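Every number in this text was worked out from the coordinates using simple rules, so none of it is lab data. Everything numeric in this text was worked out from a predicted model, so none of it was measured. Positions of Cβ are generated from backbone atoms using ideal geometry, with glycine treated the same way; all protein chains shown enter the neighbour counts.
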Amino acid sequence: MMILPILKFPDERLRTKAAKVEMVDNTIKTLVDNMFETMYAKDGIGLAATQIDQHLQIVVMDVPDSGEDYQLLLKKRESKTKTPLKSKHPLCFINPIIVGKDGKEVHSEGCLSVPNYYADVERFNHVVVEALDENGKKFTLEAKNLLAICIQHELDHLKGILFVDYLSKLKQRRLKDKLKKVK
């Protein structure tokens, strides 16, 4: 397995809309394993394929202490990664779609593609998602709280949307200026 490079904002490749996965084969399974390895190595709780310059509708996540926040209608993924799991809920979403949502919540978000920057974003605090798992089996997941926020954040990546897009133009400009100084 490999740790893959993560694209950083304002890289325009992060704006690419992801294509649907036509078939879950060994190439996709290897990509999923590499995505988990990368996410864990970077201390993330979610990673979209777009962030590693693979523009396919694939998201992995592992939200700590989320056991009471959702109901899974599938067996827990058995990780093949060498990196120890940080929680007991690694999830893979292939071709995910949100089929239900309600409630609102403001939550401070960060992103592996926008390192060391956090901002408040309003999102739904309850979602229902349909997707395929890393074996190509369809599942439905009901999520709330942090898991629901993370799902929406990662699915935005698949549409070429970043959490900073929810900020005012002034805050976006300040962030870009800050990143230029860091470089």
Fill in: Nearest-20 debye value, the chain charge dipole, Cβ charges on Lys, Arg, Asp, Glu
720 debye
Worksheet item: Where does helix 145-158 land angle-wise versus the long Cα axis of the chain, in degrees 0 to 90, nearest 10?
Response: 80 degrees
Worksheet item: Of the peptides 95-107, 111-123, 47-59, how do they stack up when ordered by the mean number of other Cβ atoms within 10 Å, highest first?
Response: 47-59, 111-123, 95-107
Worksheet item: Setting aside same-chain residues fewer than 8 positions from residue 8, which aspartates and glutamates have a Cα under 13 Å from its Cα?
Response: 53
Response to the item:
Once residue 99 and residue 17 are pulled to full extension, the length gained, defined as 0.36 nm per residue separation minus their Cα-Cα distance, is 27.6 nm
Worksheet item: Relative to the longest principal Cα axis of the chain, at what angle does helix 26-41 sit, 0 to 90 degrees, rounded to 10?
Response: 50 degrees
Worksheet item: What percent does the relative contact order of the chain come to when contacts are Cα pairs within less than 8 Å and at least six residues apart?
Response: 25 percent
Item to complete: Could you pull out the pairs from 17/138; 42/169; 137/178; 42/101; 138/176; 20/181 whose alpha carbons sit more than 32 Å apart here?
Response: 137/178; 138/176; 20/181
Discussion item. What do you get for the angle between helix 169-182 and the principal long axis of the chain? Use alpha-carbon atoms, 0 to 90 degrees, nearest ten.
Written reply: 90 degrees
Worksheet, complete the sentence: Mean 1/r over distinct Cα pairs of the chain, inverted to a Kirkwood Rh in Å, yields 16.6 Å
Discussion item. Going Cα to Cα from residue 104, which aspartates and glutamates come in below 14 Å? Please leave out same-chain ones fewer than 8 positions away.
Written reply: 120, 122
Worksheet item: Roughly how many nanometres apart are two label points built 7 Å out from the Cα toward the Cβ at residue 169 and residue 135?
Response: 5.1 nm
Discussion item. Cut-off under 14 Å on the C-alpha distance; same-chain residues fewer than 8 positions from residue 180 excluded. Which aspartates and glutamates are left, in chain and number order?
Written reply: 11
